[in-house]
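Shown next, in structure tokens, is the structure this report addresses.
None of the figures in this text is laboratory data; all of them are computed from the coordinates on show. Fair warning: this is a prediction, and the values are worked out from it, not measured in the lab. In this analysis, Cβ positions are derived from the backbone assuming ideal geometry, glycine residues included, and neighbour counts consider all displayed protein chains.
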Amino acid sequence: MIRDCKYLNRILIGGIVLIGLALILRYMISTLHVVSEGPNDINSDKLAIELMRYVRSMADNRHIPKKGTFLYERIKEARKNALCVDYAHVLKRMILDLKLGDARLLHISFNPNHLDMHTLVEYFDKGQGEWIILDPTFSMFVKRKADGMYATAADIQRSSLNRDWSGLEYILLDDRQYDYYLDYPLLFLNLHNSTGDWKVGARSPIPYLEMVPLPVEKRPGWYVLQYVGQKRIDDDEKITAKVEINGALQTLVFDGIEQTSKVFGATSIFVPKNIKQNIVAYKPKRFVFTSKSHSM
């Protein structure tokens with residue numbers, strides 16, 4: 001009986017996957033009359049964008065994948081929640097499998113500490129002749145206001161470096177509002193096209209942080225601490241400090257650029273007297289997207 005149930009579950013999951021693919025193919029077929037009016041790459045970008053929307057729909061608002069989807073199959077043995085890299089892998093795979101063009105993963109970071117980082121997809125738009133960004137985690141793509149063309153990762157990075165927040169339009173494809181602990185353009189401060197040492201040549205997040213006085217009391221928000229008392233001898237050395245966050249003593253690792261910690265949510269922060277002179281507190285600035293306050 002148990003073996004039969006497992007067999008039936010596999011059939012059911014397979015059926016759900018086939019239905020999903022059928023819906024995508026149906027959408028593609030419905031656009032063929034438009035595509036046939038010109039070169040095949042004219043609408044491939046629109047199909048890739050629609051596919052991005054479909055990949056994001058494979059999980060709920062808490063990023064828990066729906067059974068039977070490619071996203072679920074990717075992570076079912078590892079964890080419950082999908083990560084940005086999971087969405088990106090699924091979208092890239094589907095773009096390539098459906099022969100919509102070339103796609104690759106792009107790793108970006110506000111601070112290359114393996115936590116304040118993000119992964120999305122770059123899709124080569126043949127009509128535009130550029131690698132444009134498709135972000136399935138947020139179901140988002142970006143356009144340049146000057147020419148109406150799709151934005152590249154370099155465009156978004158440039159807007160952050162130049163503090164030009166009005167030149168790009170960030171387009172969300174569903175009803176979800178962008179609610180993330182970092183302002184979206186800041187994630188493009190550093191672009192990582194390889195899996196090498198991401199800290200080499202990385203830009204500092206400090207110019208995009210606002211200093212706040214310590215201690216922090218009854219002020220929910222996102223914070224970054226910087227250790228200014230001791231300098232690392234080499235990148236392998238880890239500087240840590242015990243800090244009281246929301247009433248509990250926690251060990252923070254200062255392994256980011258300029259010895260910064262990860263971004264963390266908190267309502268209160270108290271630094272012990274013996275290291276108080278070594279710690280500086282900041283909070284990330286917001287330039288394009290606002291954010292709700294969160295605590296750990």
GluC sites (Glu not before Pro) restricted to the range 184-279 and DSSP loop, no more than 13 other C-beta within 10 Å: 217, 237, 258
Aspartates and glutamates with Cα under 20 Å of residue 66, excluding same-chain neighbours fewer than 8 positions away: 50, 77, 86, 135, 174, 175
The range 253-290-the range 164-230 distance, computed between alpha-carbon centres (Å): 12 Å
Candidate lysines - alpha carbon under 18 Å from residue 285, same-chain residues fewer than 8 apart omitted: 262
